[in-house]
Amino acid sequence: MSDPSTPFDSRPDPVLGAALRAALAPRNSAAFVGRVVAAADRPAAPLDVLAGWSRLGIAAAVLAALFAGVAVGRDAASADSATSSPDAAAIIAGTEAPDAITLLASFPDR
Amino acid sequence: MLAARARAGDRTAFGELVARYADQARRVARAVLQDPDDADDAAQDAFLAALVKLEQYDAARPFGPWLMRIVANAATDRRRRRTVRRAELLDDGFIGGGPQPDAMAERAVLLGRLRKALAELPERRRLAVVLFDMEGYAHAEIAEILGMPEGTVRSEVFHARRHLRTLLADWREQP
């Protein structure tokens, strides 16, 4: 074993390095390389393709939800403006059928 | 450059890249996972992920640290997913018994002790010492691979060495 180091020691310990290399040494490198290259050449499985699309799908769903939210918000705002005039409030609060002229006057100008 | 050729779709270049970094990637993955088969699966995942991500690789920077970051992440992901299994601490041949020369038996015992000592370290510490003392990466490169400050890498290597040296005081370098 080499001399004890300090945290400021920037030199690798060759003895410890050799020991670690021996302890973690892989076997049959050629077979492993062949296996990886073969896997890279293999066409992607359908599930892999779907997995590749999943991020795009999630992003598209988020955008669609945002647009839907904006559209619903606009409609709600339009409905609010339709009931914000005094005439409209009177129609909603009244118990009798509204007069046609009053009803037409309550529509907002478009 | 191999990475550029592989990025352009040259499968031969990709094969050469795999051949060049295979042993290193498998050792680093094994430092995380301990089990050699799991480590090979993680290393393969890493090479395939690297092939897909080659577009993101900055050719002005060294390829090794970029790849080792992918390897370390692949091994860590696999370790999180799998059911906890105890690693084999001794070589199959040693466990199998039978007559062996004393030197080989002693070496097998020492390697088993080293793997056991390594397994006792926290994962980041284990990776730091393996990348520094075994693979020869600089502290700054390891900081980039592991996503931690350089000072932390130095500290992790220091503590890992102290632990391993304590347990392997009778280690003798084998030819």
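Every read-out reported here was derived from the displayed coordinates using simple, explicitly stated rules and does not represent laboratory data. Just so we're clear, the structure is a prediction, and the values are computed from it rather than from any experiment. As a convention, Cβ positions derive from the backbone with ideal geometry for all residues, glycine included, and neighbour counts pool all protein chains shown.
Roughly how far apart, in whole Å, are the Cα centres of the stretch B:1-59 and the stretch A:13-41?
Value for the Cα centre distance between the two parts: 12 Å.
What's the FRET efficiency of B:A49 with A:V70 using the Cβ-Cβ distance as r and R₀ = 30 Å, to the nearest 0.05? Could the numbers behind the result be given before it?
Values: r = 37 Å, r/R0 = 1.24.
Once the sixth-power term is evaluated, E becomes 0.20.
From the square roots a ≥ b ≥ c of the eigenvalues of the alpha-carbon gyration tensor of the stretch B:102-175, which class results: rounded (a/c under 1.5), prolate (a/b over b/c), or oblate?
Prolate, because a/c is 1.5 or more and a/b exceeds b/c.
Would you mind giving the three semi-axes, in whole Å and largest first, of the ellipsoid equivalent to chain B according to its Cα gyration tensor?
For chain B, the semi-axes come out at 30, 20, 15 Å.
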